[in-house]
Structures are given as structure tokens and as C-alpha cells.
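The values are calculated or read from the model by the stated rules, or taken from the named source; none is laboratory data. Just so we're clear, the structure is a prediction, and the values are computed from it rather than from any experiment. Don't worry about glycine lacking a Cβ; one is built from the backbone with ideal geometry, like all the others, and counts go over all protein chains shown. Remember, those area values only see protein heavy atoms, side chains included, never the ligands or the DNA or RNA. Shrake-Rupley method; radii C 1.70, N 1.55, O 1.52, S 1.80 Å.
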Amino acid sequence: KDFESPEIFVLPNKYPAFVENPKLCSPRTFKVEGNFFRAKAALGGHDVIIVKKHDLDIFGFSHQTWAEMFTMTQQRYVYFRQECNVDYAMMIYNQGARAGASIYHPHAQLFASDIVPNQVLREMHGAETYFERNAACVFCDLVLHEKNFKDRIIYETDDFLAFTFYAARFPFEIWIFPKAHHSHFETVTKAHIIGLAEAFMDVVGKLGKTLKNPPFNLYLHDLPTTMGESKFYHWHAELTPRVATYGGYELGSGVGIDVVAPEIAAKYLLGG
């Protein structure tokens, strides 16, 4: 299934991590290796969202390119979330070899799967616990806190806020939030897509200028397809520059050591 706009087109990945099979719904796990391990078919879908201009890198994306990429992502979310073997869809972009990019040509990817990723489950659990204790969305409260604190904000409009993350896993880690509470990315309006494109054009431009076009990963987090609009979860984007490498302690403990305080990172990105 090919989808196209003036600057973007979408193709199924030639080597998919998850395979589309609408005839196989909710398959059970099965035992392998003498019934010691359990396995499950890797069902869903895997798209490549391709920028048509070969020599354009993400630091030079125009507002139109960003807007079309997010619009196409939204359309593919809508498509995959109607499939019976998709519980979660996630758009990602790997910029640079150190961030996992294996092809030079600019492209994002969309992974649709019948599993909910562990990182998303942890976010959901923490957000739901916070809501039970405070009767409020932790992400909405985070946006309010960052607006009041101010020292980590690197971009703000009426609709979006971007800031260096307090408990960063990587130096210069940035989170981008819509100020309005919505749980699912596919419900975002065209006006918000335009605003999101403006936010990314600004934030990625700051990274490129100050860190000399660093490798980084970006991805979108929202709720699984099996859940409706929720008061406890707020979709958002996370951007993680790969300017530091995890060593044995970080990998063995799961504890990140951030060598640049997020307040200093924000000041640096703002030219301070």
C-alpha cells in the first residue's frame, strides 16, 4: 500500500520487524525449546516514511516537509489502528549512524505491532498511578511546572512546549508536548500538525546549530489502540541526542548518568 504527498511517500519496509496479516488476529503465545521459553508471532506492520529529496537531511527540513511527515504518520496510524493485529503504533526517526540509521536517504519509520512497548507501559503505569493519587494528568502538570520553572524551556507557543527533560537519559534530551490534553496522536487537528511541524523545525534547528548536526532519535508516544481517550495520559514526542555513550554501569543498572545538567543544556541551546 503506497501513500504519497508532494514531499513524502510511504512504502512497506522490505525487511519488516512486524508483518501485516489481517487474517491472523490475537494469536496466542506458544512454547519453544522444550517448553522453556514462550514466543509470539511478530504481527502488525512496518512502514518507511520517505522524504523524496535524497540530499536533504533532517536539519534542513522545511516546515512543509515536517508537516507532511506528521500528516502521513497520522494517516498511517489511522490505517494500522483499524487492523485486528495492531495494539500499538509508533513513529520513529533515526538521524545518523550512531542513532541507528543504516541508510543515508532521509526517512522515518512506523512500527505497528500487537504488543505495547515496555517503555510505553512504564509511562502508562506511572501516569495512571499519579492520576489515582492526584486526580490530574502528570504530563499536564509537567507542562505547567516547566512553564513556571522556566529554566528548561527551549520553545513555546500557544499550543506547544519543548524543554530539556529533568531526569534526562542522555545529554540534551528534549520532550515536546501539546499544551491541550489528548491521548492519541491520530486525533490531532490539522492546525496542531502545523504547530508541531513549527516546533520540530525550531528545536531540531537549535540542535543542529549548537551541537553541529548531532545524531539523535525521535519518537512519538501515545496510548494503545485498545484504549480510548484517557484523562491520565498525554501524547508527546521525545528527542534523544546521542552525544554520549552508555557504558557498563548504565547498561547493567538501567541508571543513566547525564553529564550535562538539563538547565545548562537549555541555556546552551538558546545561545546562552
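Scanning segment 84-127 for residues that are open to solvent by 60 Å² or more (accessible area, probe 1.4 Å), at pLDDT 95 or above and either within 14 Å of Met227 (Cα to Cα) or of a type in the set (Asp, Glu) (or both) yields Leu121, His125.
On inspection, Pro27 passes the criterion of being farther than 27 Å from Pro215 by Cα and open to solvent by less than 80 Å² (accessible area, probe 1.4 Å). On the basis of being among the aromatic types (Phe, Trp, Tyr) and closer than 25 Å to Ile58 by Cβ, does Phe165 make the cut? Here the answer is yes, as Phe165 does meet what is asked. Any residue that is surrounded by 15 or more Cβ atoms within 10 Å (Cβ to Cβ), under 16 Å from the mean Cα position of the chain (by Cα), in a strand (DSSP E or B) and of a type outside the set (Lys, Arg) - is there at least one of those in segment 49-56? For segment 49-56, residues surrounded by 15 or more Cβ atoms within 10 Å (Cβ to Cβ), under 16 Å from the mean Cα position of the chain (by Cα), in a strand (DSSP E or B) and of a type outside the set (Lys, Arg): present. Within segment 230-253, being charged (D, E, K, R) and within 19 Å of Thr164 (Cα to Cα) holds for Glu238, Arg242. Within the set Phe139, Phe177, the sole residue that is among the aromatic types (Phe, Trp, Tyr) and either farther than 12 Å from His236 by Cβ or in a strand (DSSP E or B) (or both) turns out to be Phe177.
Within segment 42-58, residues that are without any contact (Cβ under 8 Å) to a residue 60 or more places away in the chain and closer than 30 Å to Cys25 by Cα reach partners that are of a type in the set (Phe, Trp, Tyr) and surrounded by 15 or more Cβ atoms within 10 Å (Cβ to Cβ) with beta carbons closer than 9 Å, at six or more positions or on different chains, in the pairs Ile50/Phe9. Of all residues in segment 235-268, those being open to solvent by 60 Å² or more (accessible area, probe 1.4 Å), assigned to a loop (DSSP other than H, G, I, E, B) and over 28 Å from Tyr88 (Cβ atoms) number 4.
Listed residues Asn35, Asn85; which is in a loop (DSSP other than H, G, I, E, B), in contact with a Leu (Cβ under 6 Å, 6 or more places away or on another chain) and farther than 15 Å from Leu218 by Cα? Before the answer, list the steps.
Working: Asn35 fails: in contact with a Leu (Cβ under 6 Å, 6 or more places away or on another chain).
After ruling out the rest, the residue left standing is Asn85.
One residue alone among Arg81, Arg76 is surrounded by 16 or more Cβ atoms within 10 Å (Cβ to Cβ) and touching a His at 6+ places or on another chain (Cβ under 9 Å), and that residue is Arg81. Scanning segment 13-40 for residues that are modelled with pLDDT under 90 and of a type in the set (Gly, Ala, Ser) turns up just one, Ser26.
Among the residues making up segment 189-227, those that are open to solvent by 10 Å² or more (accessible area, probe 1.4 Å) and closer than 16 Å to Val120 by Cβ are Asn217, Tyr219, Thr225, Thr226, Met227. Considering Phe177, Phe232, the condition of being touching a strand residue (DSSP E or B) at 6+ places or on another chain (Cβ under 7 Å) and surrounded by 17 or more Cβ atoms within 10 Å (Cβ to Cβ) is satisfied by Phe177 alone. Once segment 142-160 is narrowed to residues that are in a strand (DSSP E or B) and more than 19 Å from His184 (Cβ to Cβ), the residue that is most open to solvent (accessible area, probe 1.4 Å) is Glu156. The condition of being under 30 Å from Asn85 (Cα atoms), touching a residue at least 12 places away in the same chain (Cβ under 8 Å) and acidic (Asp, Glu) holds for only one of Asp202, Asp222, that being Asp222.
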